[in-house]
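Chemist: I am attaching a structure below and will ask some questions about it afterwards.
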Protein chains: 2
Amino acid sequence: MFTPIKNTKVYEQVIEQIENMIIDGTLKKGDRLPSERELVGHLKVSRTSIREALRALQVMGLIESRQGEGNFIRENFENTLFEPLSVMFMLQGGKPDEIMEVRKIIEVQTANLAAEKINEKQLENLKRIADTFKTSKNEENNVKLDKKFHYEIAQAAGNFLIINILNAMSFLMDAFLKDARRKILVNKENFKALAEQHGRIYGALKLHDSKMASDEMKKHLDFTSKHIKKNM
Amino acid sequence: MFTPIKNTKVYEQVIEQIENMIIDGTLKKGDRLPSERELVGHLKVSRTSIREALRALQVMGLIESRQGEGNFIRENFENTLFEPLSVMFMLQGGKPDEIMEVRKIIEVQTANLAAEKINEKQLENLKRIADTFKTSKNEENNVKLDKKFHYEIAQAAGNFLIINILNAMSFLMDAFLKDARRKILVNKENFKALAEQHGRIYGALKLHDSKMASDEMKKHLDFTSKHIKKNM
């Protein structure tokens, strides 16, 4: 299980050992980690190093600390404080075009997969959102719903890695959608167009028609990128 | 710039402030962060909280500490200690099929983009790897080269987000490729087939033929997934 630690960058090694225990399956979702005191005993390192390592794992959203109970491997990985993909993208001076490109790559195929696997509950959620788009004038809320619509489809595709990728760029997606919708809705007619596009994506998913779902998603994203470019 | 911190989860707020300074462009790649002592002064929190926050940012690969110089925003984001996508995938009990699915989604389109943008240096690197595959019997090395071949193509596509996504699942990719190649090479004939596939992908990129590049990538990945399923 644990091996006492010898080297210099101590907190890194503590993290590596915990990572390895996850990878080899010793630690699972929801498991409680040994206490700080126990970890000090097992790993033969200072309490400070243990705390640094645990804090880092908390920030990364891997473990959560529960008052009086200790540290646990998280059960769900949404809403982590730190989004590595978003932050690194900003640091590297990435451009909205690149987000568009990635959305086209991931979401067109994801819609294809989702059409096969989507369940009734997920279809209901999508329908509710698609219906709201027809009438809602609350743009702040519409931005949130727009994201929810696309993330629900990723969820329906049933691939953890895709969901994790989209969660790790959630902040970027918020900023992208807000800006894209603003540019598209400069022309009021487009309000209806966007609502119809979401409606057609939902319709294809309801029919479990993979080809139609990815075609409609592609049209929707092409429409979006056309308007972003026009209004830059 | 900095705002003194009031609330309880102190280290999280320190990180949030640093994240925000990255997002609004105050902090850029290669910039030096204020010293621990300066941060204590600006943010009015304990040195322990500052250290916890900095450690977490180091582990996440966002900053690096240079002996005697302080903490800097990293210039490059390869080889970070922590790979969020890999670790969360393991925790959620993800399956190799899902990695295959994501590879098909991302890499087929990435090859398409790379064909437009690839430069001479990148083509040379790919050619060297493709040539090595024809003769090298060192399978441990071949696994590394296989990954390098695919990551070089992602690099050539010139989208930071795609590169970051692949880097954030680098460990998964290592494990996947090692296992996939082992299963494929149960049949010795396939050694030549794999080398030829990589050669044809290189050939399409050299011609800057996007359609051919994505078709060849798709064939290569379909071949891979067929053999993984057969030898499960």
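Chemist: Take the residues in region A:1-22 that are modelled with pLDDT under 60 and among the β-branched types (V, I, T), then tell me which one is surrounded by the fewest Cβ atoms within 10 Å (Cβ to Cβ). Don't jump to the end; show me each part of the working.
Modeler: Kept after step one, since they are modelled with pLDDT under 60, are these residues of region A:1-22: A:1, A:5-8.
Keeping just the survivors that are among the β-branched types (V, I, T) gives A:5, A:8.
On the way: A:I5: 19, A:T8: 7.
Across region A:1-22, the extreme among qualifying residues is A:T8.
Chemist: Sticking with this one: Which residues, taken from region B:59-72, are out of contact with any helix residue (DSSP H, G or I) (no Cβ under 8 Å at 6 or more places or on another chain) and either in contact (Cβ under 8 Å) with a residue 24 or more places away in the chain or within 12 Å of chain A (Cβ to nearest Cβ) (or both)?
Modeler: The answer is B:Q67, B:E69, B:G70, B:F72.
Chemist: Considering (1) surrounded by 16 or more Cβ atoms within 10 Å (Cβ to Cβ); (2) farther than 29 Å from A:M88 by Cβ; (3) of a type outside the set (D, E), say which one A:S214 fails and leave the rest.
Modeler: (2)
Chemist: Further, regarding this structure: Limited to region B:166-182, what total is found for residues that are surrounded by 18 or more Cβ atoms within 10 Å (Cβ to Cβ) and modelled with pLDDT of 90 or more?
Modeler: 6
Chemist: A follow-up question, please. Which pairs have Cβ atoms under 8 Å, sit 6 or more apart or on different chains, and link a residue in region B:134-159 that is over 14 Å from B:G199 (Cα atoms) and not assigned by TED's automatic domain parsing to the domain that holds B:R181 to one that is basic (K, R) and assigned to a helix (DSSP H, G or I)?
Modeler: The qualifying pairs do not exist here.
Chemist: While we're looking at this one, here's another question. For A:G94, state whether it is in the same structural domain as A:I163 (by TED's automatic domain parsing), over 17 Å from the mean Cα position of the chain (by Cα), surrounded by fewer than 21 Cβ atoms within 10 Å (Cβ to Cβ) and part of a loop (DSSP other than H, G, I, E, B).
Modeler: The answer is yes for A:G94.
Chemist: Also: Kindly provide the set of residues from region A:23-33 that are in a loop (DSSP other than H, G, I, E, B), at negative phi and either surrounded by 17 or more Cβ atoms within 10 Å (Cβ to Cβ) or in contact with a strand residue (DSSP E or B) (Cβ under 7 Å, 6 or more places away or on another chain) (or both), ordered by number.
Modeler: Within region A:23-33, A:L27, A:K28, A:K29, A:D31, A:L33 qualify.
Chemist: Are any of the residues in region B:61-83 assigned to a helix (DSSP H, G or I) and under 30 Å from A:I22 (Cα atoms)?
Modeler: Looking through region B:61-83, none of the residues is assigned to a helix (DSSP H, G or I) and under 30 Å from A:I22 (Cα atoms).
Chemist: Out of the residues in region B:142-190 meeting the condition of being touching a helix residue (DSSP H, G or I) at 6+ places or on another chain (Cβ under 8 Å) and small (G, A, S), tell me which one is nearest to the other protein chains (Cβ to nearest Cβ).
Modeler: Looking at residues that are touching a helix residue (DSSP H, G or I) at 6+ places or on another chain (Cβ under 8 Å) and small (G, A, S), I get B:A168.
Chemist: Please go through region A:177-219 and pick out each residue that is basic (K, R) and assigned to a helix (DSSP H, G or I).
Modeler: A:K178, A:R181, A:R182, A:K183, A:K192, A:R200, A:K206, A:K211, A:K218, A:K219
Chemist: Pick from B:L91, B:L85, B:L113: which is over 23 Å from A:P96 (Cβ atoms), among the aliphatic types (A, V, I, L, M) and out of contact with any Ser or Thr (no Cβ under 6 Å at 6 or more places or on another chain)? Before the answer, list the steps.
Modeler: Working: B:L85 fails: over 23 Å from A:P96 (Cβ atoms); B:L113 fails: over 23 Å from A:P96 (Cβ atoms).
The unique qualifying residue is B:L91.
Chemist: Here is a follow-up. Output the residues belonging to region B:41-57 that are surrounded by fewer than 22 Cβ atoms within 10 Å (Cβ to Cβ) and in a helix (DSSP H, G or I). I'd like the intermediate steps shown before the answer.
Modeler: Step one: filter region B:41-57 for residues surrounded by fewer than 22 Cβ atoms within 10 Å (Cβ to Cβ), giving B:41-49, B:51.
Across region B:41-57, the qualifying residues are B:G41, B:H42, B:L43, B:R47, B:T48, B:S49, B:R51.
The values are calculated or read from the model by the stated rules, or taken from the named source; none is laboratory data. Bear in mind that the values here come from a model prediction, so they are computed numbers and not experimental data. All Cβ positions, glycine included, derive from the backbone under ideal geometry; neighbour counts span all protein chains shown.
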